[in-house]
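S.K.: First, the structure itself, so that you have it in front of you.
The values are calculated or read from the model by the stated rules, or taken from the named source; none is laboratory data. In this text, all values refer to a predicted model and were calculated from it rather than measured experimentally. Cβ sites come from the backbone with ideal geometry, for glycine too, and all protein chains shown count toward neighbours.
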Amino acid sequence: MTSTPTTLTYTLEEVLERFEQRVDRQFTEMNQKLERFEQKVDRQFTEMDQKLERFEQKVDRQFTEMDQKITEVNSRIDKVESSIHELSNDVKAVGSDLKILDQKVSGIDKRLDNQEFINRSLFVAIVAAFLGGTAKLFGWLPKT
């Protein structure tokens, strides 16, 4: 038994055509995979942009809140400073009033000293007159 060898008859054109079809199919698959990859990357970039935008909005909102709080604190500090200034003016006014009162008290003290001297002198004169009148009444003093 002898077998006859099989011969394949392919033309170079057919082989190249099949090869070209295969390469085209692989390029098509690669292009599809590349498109899916690009879509996935685009979607992730879009999500990242959205997340970044939300983060920026949140940071902006927090900065706005901090600015408002700082403004409130500054206004409170201004009020405290004005109150301190008013109190300082009041203390100065009280100090000057105190000096005026001290001068008035000094003047009143001098007048009281004079009045006290006069009252003491009158009291001594009245007591002396009373004693003299009593002594004369009871005859303790010689009659002249």
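S.K.: Taking Arg22, is it basic (Lys, Arg), surrounded by 10 or more Cβ atoms within 10 Å (Cβ to Cβ), modelled with pLDDT of 90 or more and over 42 Å from the mean Cα position of the chain (by Cα)?
M.R.: Values: basic (Lys, Arg): yes; surrounded by 10 or more Cβ atoms within 10 Å (Cβ to Cβ): yes; modelled with pLDDT of 90 or more: yes; over 42 Å from the mean Cα position of the chain (by Cα): yes.
Yes; evaluated as a whole, the condition is true for this residue.
S.K.: Has the stretch 37-58 got at least one residue that is exposed (fewer than 10 other Cβ atoms within 10 Å of the Cβ), among the hydrophobic types (A, V, I, L, M, F, W, C) and either at pLDDT 95 or above or in a helix (DSSP H, G or I) (or both)? Before you say what the answer is, go through the steps one by one.
M.R.: Residues of the stretch 37-58 that are exposed (fewer than 10 other Cβ atoms within 10 Å of the Cβ), as a first pass: none.
Checked the stretch 37-58: no residue is exposed (fewer than 10 other Cβ atoms within 10 Å of the Cβ), among the hydrophobic types (A, V, I, L, M, F, W, C) and either at pLDDT 95 or above or in a helix (DSSP H, G or I) (or both).
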